[in-house]
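So the structure is just underneath, and the comments pick up after that.
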Amino acid sequence: MNITITDTELSLQQAAKTFVENMKDRKIFAFYGKMGAGKTTFIKAICEQMGVRDVVTSPTFAIVNEYTDGRDNSLYHFDFYRIEKLEEVYDMGYEDYFYSGNVCFLEWPELIEEILPNDTVRVTISEQADGTRTVEY
């Protein structure tokens, strides 16, 4: 699927709504994109569409944030940007999150590619010359 996001909040929310409608029963979503491409912003909009009432922020220092969606399910948001060794991910017990049956959104998955589950949905966000963002998955 390919979604274009313009610079309006309405466009962002509509793109997030479309994304949520197409998630189906998939649980692990790896977000790829350059720094500033809009990964966290898009994940925040997706969380809003899923009924998350918590403040959604990048878990850059905590590595993982846990939110509750509108159906009282846990949702995990990871940021692996500061990971230096894969052992750090093993030590945090990543399997408990990835195989919990709950939705997981992963930023900077390039750093843990070798341990991503086979059914991970890869989502690429790219900034275009005109300032729009393209979301492909």
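The values are calculated or read from the model by the stated rules, or taken from the named source; none is laboratory data. Only a predicted model underlies this, so the values are computations on that prediction, with no experimental measurement involved. For neighbour counting, all protein chains shown are included, and Cβ atoms are generated from backbone atoms with ideal geometry for every residue, glycine included. For accessibility, only protein heavy atoms count, side chains too; no ligands or nucleic acids. Shrake-Rupley method; radii C 1.70, N 1.55, O 1.52, S 1.80 Å.
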Worksheet item: Applying the Karplus parametrisation 6.51 cos²θ - 1.76 cosθ + 1.60 with θ = phi - 60° to the phi angles of region 117-126, what ³J(HN,Hα) value in whole Hz is obtained for each residue in order, glycine and proline being reported as x?
Response: x, 4, 8, 4, 8, 8, 10, 10, 10, 10
Fill in: C-alpha long axis of helix 39-49 to longest principal axis of the chain, angle in °
80 degrees
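Looking at the chain, what % of its DSSP beta bridges pair antiparallel, to the nearest 5?
Details: 13 of 26 bridges.
Bridges in the chain that DSSP calls antiparallel: roughly 50 percent.
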Worksheet item: Per residue, what accessible area does region 54-137 have, given a 1.4 Å probe and all protein chains present, in Å²?
Response: 55 Å²
Discussion item. Using only the alpha-carbon atoms, how far is helix 9-21 inclined from the longest principal axis of the chain? Give it as 0 to 90 degrees, nearest 10.
Written reply: 50 degrees
Worksheet entry | Hull-based mean projected area of region 1-115, where the convex hull spans the alpha carbons, in square nanometres | 7.3 nm²
Item to complete: Only Lys, Arg, Asp and Glu count, each charged at its Cβ (+1, +1, -1, -1), so figure out the dipole size of the chain about its Cα centre, rounded to 20 debye.
Response: 400 debye
Practice prompt. With runs of 4+ DSSP H residues as the only contributors, calculate the mean residue ellipticity of the chain at 222 nm using -39,500 (n - 2.57) per run, divided by the residue total and rounded to the nearest 500.
Written response: -7000 deg cm²/dmol
Discussion item. How charged is the neighbourhood of Asn2? Take every other residue with its Cβ under 12 Å from the Cβ of Asn2, and add Lys/Arg as +1 and Asp/Glu as -1.
Written reply: 0
